[in-house]
Every structure is written in C-alpha cells, then in structure tokens.
C-alpha cells in the first residue's frame with residue numbers, strides 16, 4: 001500500500017512566515033498629507049499596511065516564478081518586468097515599468113573563463 005506522500009510527487013512551494021510590516025504611522029502621515037483626505041480612522045492605515053504587504057507578496061512571488069523558470073537564484077529587474085507585463089492583475093503598473101524596461105544582456109564571463 002502506497003502512502004499519500006509517495007502519490008503526490010509535485011514539489012510544494014516553500015512558504016516562510018512573512019515578518020515584514022509596513023510602518024503604520026508613516027502610512028497615516030502620508031494619507032493625511034493629501035489635502036483631499038480629512039481625518040483618517042485608526043484602523044485605516046493598519047488595513048492599508050496589510051494590503052500593501054499582500055500586494056508585495058504577490059508581486060515578489062510572480063517575479064520569483066520567472067526567475068525559477070530561467071533557473072536562476074537571483075530575482076532581477078527583468079523578472080519583475082516580465083511578471084508585470086504578463087500578469088493581468090499588475091496591468092496598472094505597466095506604464096511605470098515601461099520606463100525601467102531592462103536590457104537583457106549576456107552574462108559576464110569570469111576572468112578564469114576568458115583565458
């Protein structure tokens with residue numbers, strides 16, 4: 001009899017506890033700096049900070065997927081650019097990312113390889 005672990009051969013993504021917190025006081029100050037926004041409820045900056053955290057997790061996860069697909073260990077601007085341009089949920093960032101379109105070049109050779 002095969003165990004359930006043997007049947008599931010698909011690799012599971014590594015999930016780590018996210019300890020990043022965005023500064024709530026700074027978010028509140030930033031919100032209040034807008035003349036159109038009056039008083040800000042106490043819970044509002046906390047919710048905005050959590051939403052920002054979840055957004056960043058999605059953006060970084062999508063960028064990491066592109067890096068893994070190319071079998072590299074470091075996420076670059078090219079991976080971030082690709083994630084924004086390919087994912088519909090990030091379409092509001094496309095205009096901003098077009099300013100930072102990465103130039104994809106050949107990796108630099110090490111001194112030992114060029115000799």
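The values are calculated or read from the model by the stated rules, or taken from the named source; none is laboratory data. All values derive from a computational prediction rather than experimental measurement. Cβ sites come from the backbone with ideal geometry, for glycine too, and all protein chains shown count toward neighbours.
General observations
- Positions within the range 38-65 being loosely packed, with under 12 Cβ neighbours inside 10 Å and under 29 Å from residue 76 (Cα atoms), in sequence order: 51, 54, 61
- Those residues of the range 5-31 which are over 29 Å from residue 62 (Cα atoms) and either modelled with pLDDT under 90 or in contact with a helix residue (DSSP H, G or I) (Cβ under 7 Å, 6 or more places away or on another chain) (or both), in sequence order: none
- Beta carbons closer than 7 Å, at least 6 apart along the sequence or on distinct chains, pair a first residue in the range 44-58 that is touching a residue at least 12 places away in the same chain (Cβ under 8 Å) with a second that is part of a helix (DSSP H, G or I) for 45/24; 45/27; 45/28; 45/31; 46/24; 48/27; 49/24; 49/27.
- The single residue among 75, 48 that is in contact with a helix residue (DSSP H, G or I) (Cβ under 6 Å, 6 or more places away or on another chain), assigned to a loop (DSSP other than H, G, I, E, B), at pLDDT below 95 and closer than 22 Å to residue 22 by Cβ turns out to be 75.
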